[in-house]
Amino acid sequence: MLQKRVYYGWWVLLGIFISYTALVGIQVYTFPLFYPALIKEFGWSTKAVTLGATLFFLTGACITPFVSSLFDRFSARAFMIAGGVATVCALFGYSSLQTLGHLTIVYVVLALSQVCAGQVPTMMIVARWFNRYRGIAFGITLIGPDLGGAIFPLIVRPYLVSGEWRRALLVLMIISGTMMLLPMIFLIRNRPEERGLRPDGDPVKEKSPDTLVTKLKQDGPTLREALRTPAFYILAFTTGSLWFCMNGIVQHQTIFMNGELGISMETIPLIVSSLFWFAIAGKLLIGYLSDHFNKVLMMLIVVVLLIAGLSILRLASADNLWILYCFAAVFGIGYSGTFTMIQLVIAEFYFGKSYGKILGILTMVDVGAGGLAITIVARMQESFKSYLPVFDVLIALTCIVAVLVLWLYRMRRNVPGKMQPV
């Protein structure tokens with residue numbers, strides 16, 4: 001008897017996992033560790049040093065809807081390869097940084113790489129290859145950035161402690177080139193129909209691959225139908241607000257710990273790394289539970305964890321580092337679970353013929369909100385001379401989100417399988 005071959009979707013998932021680990025783990029979760037070095041060497045303010053990151057998210061938000069619409073028509077894999085090349089070029093440019101204008105150009109190129117190789121094409125390809133196992137597949141995919149956030153700070157830590165931040169960027173350039181381009185070229189493929197397969201490796205019925213693709217595109221709501229549902233606007237506000245709160249913390253936690261609490265750069269990478277190790281556990285757990293329980297209810301649970309994590313950070317001090325590690329544990333699980341559930345809930349409502357367009361619009365809202373958070377939090381910190389009032393605002397906003405998610409859960413429960421148009 002012939003041994004059953006491993007479903008190729010798992011190889012695609014492996015390639016996605018490796019490339020996404022480098023892309024987000026480096027650009028989003030490791031770059032903030034360089035802020036204190038830039039402030040020290042160039043004398044830039046908090047607002048100035050985070051301006052590039054703000055433009056990174058806002059540029060991505062503006063471009064995403066236009067590029068995302070192309071993923072439904074052309075090869076998402078080809079865009080991802082282009083994004084990998086852009087990442088390598090940007091990291092090389094970052095290593096020779098001299099001015100704020102130079103930093104701005106680097107972050108704009110990084111934004112292009114994120115749009116081409118980031119969240120939208122990644123989640124689209126995974127959603128195409130998996131249906132019944134979509135929850136665990138999304139969870140595994142989204143573990144990648146957390147693994148990057150756990151490992152890469154430890155890799156750059158000795159360079160940052162010794163002041164060799166430029167050499168650290170060259171090391172990250174080599175790592176990103178290897179981890180992104182090789183899987184994109186040799187493992188990742190656009191959809192199972194290209195290999196005569198069906199999602200999850202289900203048996204192929206007597207239909208041609210072209211027929212299977214056509215049926216896939218006919219399922220699910222159109223963009224116009226989605227825009228007529230109250231769920232779309234609730235999701236847009238809640239996910240955008242969550243991105244605002246989470247990105248505000250992730251992009252500013254290093255400056256807060258170093259500048260306001262006086263914690264050394266030897267210790268901060270360890271705290272940041274521990275946050276993402278807990279995030280890995282959270283994504284595995286939440287991804288598994290989301291395949292067995294109501295996805296909107298699971299989203300409510302992770303939002304509550306975010307509120308708890310922010311509250312713990314509010315109590316942190318340099319004399320009690322264990323509080324910061326408690327924050328890392330609770331916030332890490334809530335943070336990772338939130339990203340998983342945002343993707344799953346969007347796919348639950350809108351996967352089908354216009355999924356790329358709908359996901360692109362919601363991603364534009366989310367990334368835009370995350371970009372604005374960086375500048376708004378910086379300005380609030382400069383105004384209040386402290387991050388503590390900022391944390392109070394973020395806690396209040398997250399509480400509002402929890403109420404809206406509960407409302408969304410009640411709507412979904414009362415109208416199973418479909419959201420009624422406005």
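Being over 16 Å from residue 146 (Cα atoms) and out of contact with any Leu (no Cβ under 6 Å at 6 or more places or on another chain) is the filter; apply it to region 283-294 and report the residue that is surrounded by the fewest Cβ atoms within 10 Å (Cβ to Cβ).
292
Would you call residue 110 open to solvent by less than 10 Å² (accessible area, probe 1.4 Å) and not small (Gly, Ala, Ser)?
yes
Can you name the condition, by its number, that residue 352 falls short on among (1) in contact with a helix residue (DSSP H, G or I) (Cβ under 7 Å, 6 or more places away or on another chain); (2) at pLDDT below 85?
Exception for residue 352: condition (1).
If the requirement is being more than 21 Å from residue 247 (Cβ to Cβ) and at pLDDT 90 or above, which of these qualifies: 315, 310?
Of the residues listed, the single one that is more than 21 Å from residue 247 (Cβ to Cβ) and at pLDDT 90 or above is 315.
May I ask you to list the residues in region 295-346 that are over 15 Å from residue 280 (Cα atoms), open to solvent by less than 40 Å² (accessible area, probe 1.4 Å) and of a type in the set (Ser, Thr, Tyr)?
If the condition is that a residue be over 15 Å from residue 280 (Cα atoms), open to solvent by less than 40 Å² (accessible area, probe 1.4 Å) and of a type in the set (Ser, Thr, Tyr), then 317 is the only one that fits.
If you check 35, 29, 94, which single one turns out to be over 19 Å from residue 192 (Cα atoms), aromatic (Phe, Trp, Tyr), touching a Ser or Thr at 6+ places or on another chain (Cβ under 9 Å) and in contact (Cβ under 8 Å) with a residue 24 or more places away in the chain?
35
Need the failing condition index for residue 224 against (1) within 16 Å of residue 331 (Cα to Cα); (2) free of Cβ contacts under 8 Å to residues at least 24 places away in the same chain, just the number.
(1)
Taking the stated definitions as given, is residue 34 under 30 Å from residue 260 (Cα atoms) and either in a helix (DSSP H, G or I) or under 19 Å from the mean Cα position of the chain (by Cα) (or both)?
yes
Could we say that residue 52 is assigned to a helix (DSSP H, G or I), at pLDDT 95 or above, under 20 Å from the mean Cα position of the chain (by Cα) and surrounded by 19 or more Cβ atoms within 10 Å (Cβ to Cβ) here?
no
For residue 86, indicate whether it is modelled with pLDDT of 90 or more, more than 26 Å from residue 339 (Cβ to Cβ) and open to solvent by 10 Å² or more (accessible area, probe 1.4 Å). Outline the logic, then answer.
Details: modelled with pLDDT of 90 or more: yes; more than 26 Å from residue 339 (Cβ to Cβ): no; open to solvent by 10 Å² or more (accessible area, probe 1.4 Å): yes.
No.
Does region 1-49 hold any residues that are open to solvent by less than 50 Å² (accessible area, probe 1.4 Å), more than 25 Å from residue 165 (Cβ to Cβ) and among the aromatic types (Phe, Trp, Tyr), and which are they?
Selection gives 7, 8, 17.
Could you tell me whether region 201-215 includes any residue that is open to solvent by less than 40 Å² (accessible area, probe 1.4 Å), under 30 Å from residue 337 (Cα atoms) and either modelled with pLDDT under 95 or outside any helix (DSSP H, G or I) (or both)?
yes
Quick one: count up the residues across region 68-83 that are crowded, with 18+ Cβ neighbours inside 10 Å and either within 17 Å of residue 358 (Cβ to Cβ) or of a type in the set (Gly, Ala, Ser) (or both).
Number of matching residues: 4.
Taking region 355-392 on its own, how many of its residues are crowded, with 21+ Cβ neighbours inside 10 Å and more than 18 Å from residue 115 (Cβ to Cβ)?
Total meeting the criteria: 7.
State the number of residues belonging to region 228-258 that are modelled with pLDDT of 90 or more and over 23 Å from residue 303 (Cα atoms).
Residues that pass the stated criteria total 3.
The values are calculated or read from the model by the stated rules, or taken from the named source; none is laboratory data. Note that the structure is predicted; figures quoted are calculated from it, not measured. Note: ideal-geometry Cβ built from the backbone for every residue, glycine included; neighbour counts use all protein chains shown. For accessibility, only protein heavy atoms count, side chains too; no ligands or nucleic acids. Shrake-Rupley method; radii C 1.70, N 1.55, O 1.52, S 1.80 Å.
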